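Bear in mind that the values in this text are calculations on the coordinates, not laboratory data. Note that the structure is predicted; figures quoted are calculated from it, not measured. Neighbour counts are summed over all protein chains in view; Cβ atoms, including those assigned to glycine, are modelled from backbone coordinates with ideal geometry.
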Amino acid sequence: MPFDVNAVPAMIGWSLLPVGLGFLAGRLILPTLAKGLARRYDRRKEDTLPWTLRKYAVVMGAVLSVYVLTLQLRALDEQFAWRLDWATVDIWIKSLATVVGFMALHRAVHRAVELAPPALDASARSLLTKISAAVIFGIAGVTVLSLFKVDVGPLLASLGVIGIAVALALQDTLGNYFAGITLAIDKPLRPGDYVRMDGGVEGFVETIGWRSTRIKPLSESVVIIPNSKLATSILTNNYYPDNGARVYVDCGVAYSSDLAHVEAVCVAVAKEVSAGTTGGDPEFEPLVRFKTFGDSNIQFTVILRATDFDASFLLKHEFIKSLHQRFREEGIAISYPVREIRMPASALPPPSDAANP
């Protein structure tokens, strides 16, 4: 059948139809949807997911247009159409469409992670972005290779063997890395928290990395702890669920003291100090709990509350000074430990001659 020149405009028109649809979606439908979402959630349209995907819609439309044009060309009864390897052309077009599709998917996932709730911190966002990129482009690579009839089985097996060897060589590093993932997901501690480990290490959390966590004690030094040890340690987080911290002050008074009066004085002093000290919690009702009969005093504990763990040290400092002063004013005694040593008569020295006139 001879080539019909009059059919060229229709052929070009049908091939450009996907371009028009892609342009319509990328320039009108998706931006309009993005504006609607921006008005609903009160943010810029550039931050929405549809606005991010508008360019990929146009590119995908162009790829589909090329494919439609090849379908029309191969239907022609012309010599040049017979000589072309349409199977190879299809593979290249499908590969290009696959790459564009997976790039759009990666961009969508990346934007979705960026738009995640604030509870997901920056480190967790970075981790999710990297993992999703590796998975998406890995699948895209395998898909493209399969389109070109490449047997990816031996390649995947080789990568598996290499992965096992690398995992064994980097066992400690990978252990710390996955422990960092656990800490990022579970969130038992956050930067700024004051934590105490069962090994005795305590301090403020400075940074939580993928390999190690830096904890700064009250001194000027910094303790670097591998995440694998931190994930398996028993932690006490003084800033969870909030920054408040109870302050326990142990004390004792003489056995001759009026305990009801002692309790009233301790509560009054605790209220005054809590209200007048930065970081004290004046809304907390102080507690006095007598606990044991000691060697020389009746032992008890006064409980106060600070709004911040760091302020608990100052609160305790001011309370001890004020309570000591008030005890002196009220005549409440704190007995010194007294030990009486009794020796048998046989161990006593003989009386001196000077004692017998």
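Some points to look at:
- Ranked Trp92, Trp210, criterion: other C-beta atoms within 10 Å, fewest first: Trp92, Trp210
- Distance between modelled label sites at Trp86 and Arg328, nm, 7 Å Cα→Cβ extension: 10.5 nm
- Label-point separation, Arg246 to Ser296 (7 Å along Cα→Cβ), nm: 3.0 nm
- Between the listed residues Ala268, Thr307, Phe319, the Cα displaced farthest toward the positive end of the dipole of segment 245-330, a dipole computed from Cβ unit charges relative to the Cα centre, is found at Phe319.
- On full extension, the segment bounded by Ile181 and Thr236 gains 17.8 nm, given 0.36 nm per residue less the C-alpha separation.
- Counting neighbouring beta carbons within 10 Å and listing from fewest to most, the residues Thr213, Thr88 come out as Thr88, Thr213.
- P(r) of segment 182-237 over all Cα-Cα pairs, binned every 5 Å from zero, in whole percent: 4, 21, 37, 29, 8, 1
- Rel. contact order, % - alpha carbon contacts under 8 angstrom, at least six apart, segment 182-237: 31 percent
- For Gly209, distant residues with modelled amide H under 5 Å away: Arg214
- Between Ser219 and Phe148, the FRET efficiency from the beta-carbon distance, with R0 = 56 Å, is close to 0.35.
- Under 27 Å from Lys271, Cα to Cα: lysines that are on another chain or at least 8 residues apart: Lys291, Lys316, Lys321
- Candidate lysines for bridging to Lys94, where Cα separation is under 27 Å - those fewer than 8 sequence places away on the same chain excluded: Lys55, Lys130, Lys149
- Working from Cα pairs under 8 Å separated by at least six residues, relative contact order for segment 245-330 is 41 percent.
- The charge dipole of segment 182-237, taken about its Cα centre with unit charges on the Cβ of Lys, Arg, Asp and Glu (plus for the first two, minus for the last two), comes to roughly 140 debye.
- Packing rank of 308-315, 244-251, where each peptide gets the mean count of other beta carbons within 10 Å, highest leading: 308-315, 244-251
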